[in-house]
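The values are calculated or read from the model by the stated rules, or taken from the named source; none is laboratory data. What you see is a predicted model, and the numbers here were worked out from it, not measured in a lab. When we count neighbours, we look across all protein chains shown, and the Cβ atoms used for this are built from the backbone with ideal geometry, even at glycine. Each accessible area value is taken on the protein alone, full model and side chains, heavy atoms only, with ligands, DNA and RNA left out. Shrake-Rupley method; radii C 1.70, N 1.55, O 1.52, S 1.80 Å.
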Amino acid sequence: QVQLVESGGGLVQPGGSLRLACAASGRAFSLYALGWYRQAPGKQRELVAAISTSGSTNYADSVKGRFTISRDNAKNTVYLQMNSLKPEDTAVYSCNAGAGFLSYWGQGTQVTVSS
């Protein structure tokens, strides 16, 4: 069993930055692939960024060059550094940890980009 808790969301002006963190409890964190997802009102949840157990990453086209996902296995934490934020980045951001048929979700953190 893995429990995930996100933090770092909030209100930021366009062009600003935020760093989200997702702390995991449980065992074998390094064996999980990790991802950040977001869901805006009235829209489907979408994958924003993912990082594998070996550290390879992939990003949604809409955030490439602006967002960076990273993981610290010693701290059982995955991060999402978000720069040059736009109003269309406004959403609830959730982290996911997956391994095989196992999949765990955090409760989400709100990110609002507005002037």
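The set of residues in region 75-102 being modelled with pLDDT of 95 or more and farther than 14 Å from C22 by Cβ consists of N83, S84, L85, K86, P87, E88, D89, T90, A91. Residue count for region 62-90 satisfying the condition of being within 17 Å of W105 (Cα to Cα) and touching a residue at least 60 places away in the same chain (Cβ under 8 Å): 2. Please list, ordered by first then second residue, the pairs with beta carbon atoms under 6 Å, 6 or more apart or interchain, first in region 39-61 and in contact (Cβ under 8 Å) with a residue 12 or more places away in the chain, second polar (S, T, N, Q). If the second residue must be polar (S, T, N, Q), the pairs left are R45/Q39; A50/N58; I51/T57.
Just one of the listed residues (V48, V2) is over 19 Å from F101 (Cα atoms) and of a type in the set (V, I, T), namely V48. Every condition in (1) touching a strand residue (DSSP E or B) at 6+ places or on another chain (Cβ under 7 Å); (2) modelled with pLDDT of 95 or more is met by K43 except one, and the failing one is (1). Yes or no: R45 closer than 20 Å to Q3 by Cβ and either exposed (fewer than 12 other Cβ atoms within 10 Å of the Cβ) or in contact with a Leu (Cβ under 8 Å, 6 or more places away or on another chain) (or both)? No; evaluated as a whole, the condition is false for this residue.
Screening the candidates Y59, Y37, Y79 for the property of being open to solvent by 20 Å² or more (accessible area, probe 1.4 Å) and touching an Asp or Glu at 6+ places or on another chain (Cβ under 7 Å) yields one hit, Y37.
Looking across region 87-115 at every residue that is out of contact with any strand residue (DSSP E or B) (no Cβ under 6 Å at 6 or more places or on another chain) and farther than 16 Å from S7 by Cα, the one that is most open to solvent (accessible area, probe 1.4 Å) is identified as F101.
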